[in-house]
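Okay, structure first, notes after.
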Amino acid sequence: MKDRKKIAFYKRKRYIFIAILLFGLLIFRMYLPTLIKNQINKTLATIPGYNGYVNDVDIALIRGAYIIKGMYLNKLNAKTEIPFLKFPKSDISIEWKSLFKGKIVSEVILYNPDAIYVFEDQNSKGKEPDVDDWTKALTEIIPIDINHFEIHNGKVAFVQIQASPDIDLHIEKIELYADNLRNVVAKSRTLPSPFHATGISVGNGKMTLDGNINLIKEIPDMDLTFSLQSANATALNDFSKHYAGIDFEKGTFELYSEVAIADGYLKGYIKPLLKDSKLIGKEDGFFEKLWEGFVGFFKFALKNQRTNTLATKVPIEGDLKNVKAGVWPTVIHIFQNAWIEAFKRQVDNDVEFRDAFQEAQKESKKEKKK
């Protein structure tokens, strides 16, 4: 009889223990979003020169994910209330397909993110923030390495509020995909991570960014091509009028670039083009017409007469600690375009990853000789 009572007592005790455990797990599950939110806000509060905050966090245990809502970051002593970084919704989850390869990594998807550089905010007085500080803090929010990264409907912009009129240069509707960032899928090629992005610029231009990168290295290796096509040049008037005192009545603006980085050595170019452009507007004043006519004369002298295109090619090459665009090579390329060759309206495909790698080896040999 006593044995039966003991057995019944232990059974009740076991059930009570299970019930307490389940209740504790339920309470922990309910508090977990607040716990993560507080930890993220604590991390954002430690970034020198910036302040940031997260409004809410949701947990999806079944798929091993959490969703951060309403996160922003801005510089201290900013003159405007426009956030420098704004992430309305960030989905961070375990990449399940990589678990089958024995790797525990994450995938991150950002919805409607904004990165807005407000000139007045970033140049306001106060402690000068370090880019490494806020980028490191943002990566610390994610507990495991990122292998897959996406952006949907993103925007980057340069804004100057105190200009007259306001300057707003932006690329919006950005769709970005980057995969295999932690080299989970081992491949023989040197650059294991494909990268692709598209967007719409100010002036309704079409932006495309393609390439491959290697983020495993301390200074990432990469081989990227960038193109901005068929942007209405008149959309640049606020910027060009403020900084150069000129505006466009019509024209098309395009920009092409190739960049390769290997072992810390960068090699590439930036090539802007103006096609069928006209500077003098009917509503301009006398002095504005005089200045625009003066600029237009030199533009006419230096453009390609056959294709009615003004273009230059700015080479960029050297150690990442001392990247510079050559002045004289730029001038030479202007005259080459005017009198010798017509630039193609596309990427030149004359910069490759091996070019940067060979230059890096040359620089390494020079350092050894020293």
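The values are calculated or read from the model by the stated rules, or taken from the named source; none is laboratory data. Here the structure is a predicted model, which means the values were calculated and not measured. For neighbour counting, all protein chains shown are included, and Cβ atoms are generated from backbone atoms with ideal geometry for every residue, glycine included. Surface areas here come from the heavy atoms of the whole protein model, side chains and all, with no ligands, DNA or RNA. Shrake-Rupley method; radii C 1.70, N 1.55, O 1.52, S 1.80 Å.
Give, in nm to one decimal, the length gained when the segment between A244 and T34 is fully stretched (0.36 nm per residue of separation minus the Cα-Cα distance).
70.5 nm
Kindly list the residues of segment 258-273 that lie in the label zone of D348, defined by a backbone N under 20 Å from the point 7 Å along the Cα-to-C-beta vector.
Hits in segment 258-273 for D348 at 20 Å: 258-262, 265-273.
Along the Cα→Cβ direction, 7 angstrom out, place labels at N153 and K97. What is the inter-label distance in nm?
2.5
Quick one: of K89/K206; K267/K369; K173/K278; K97/K217; K206/K275, which pairs are farther than 20 Å apart, Cα to Cα?
Over 20 Å Cα-Cα: K89/K206; K267/K369; K173/K278; K97/K217.
Can you give me the accessible area per residue for segment 174-235, using a 1.4 Å probe, in Å²?
46
With a/c under 1.5 counting as rounded, go ahead and sort segment 19-112 into rounded, prolate or oblate using the C-alpha gyration tensor (a ≥ b ≥ c being the square roots of the eigenvalues; past the cut-off, prolate if a/b is larger than b/c, else oblate).
Oblate.
Add +1 for every Lys or Arg and -1 for every Asp or Glu among the other residues with Cβ under 9 Å from the Cβ of E363, and state the total.
Within the 9 Å Cβ shell, the charges total -1.
Between E140 and Y117, how many nm apart are label points set 7 Å from Cα along the C-beta direction?
2.5
Pull out the extension gain between D263 and K278, defined as 0.36 nm times the separation in residues minus the alpha carbon to alpha carbon distance; nm, one decimal.
1.0 nm
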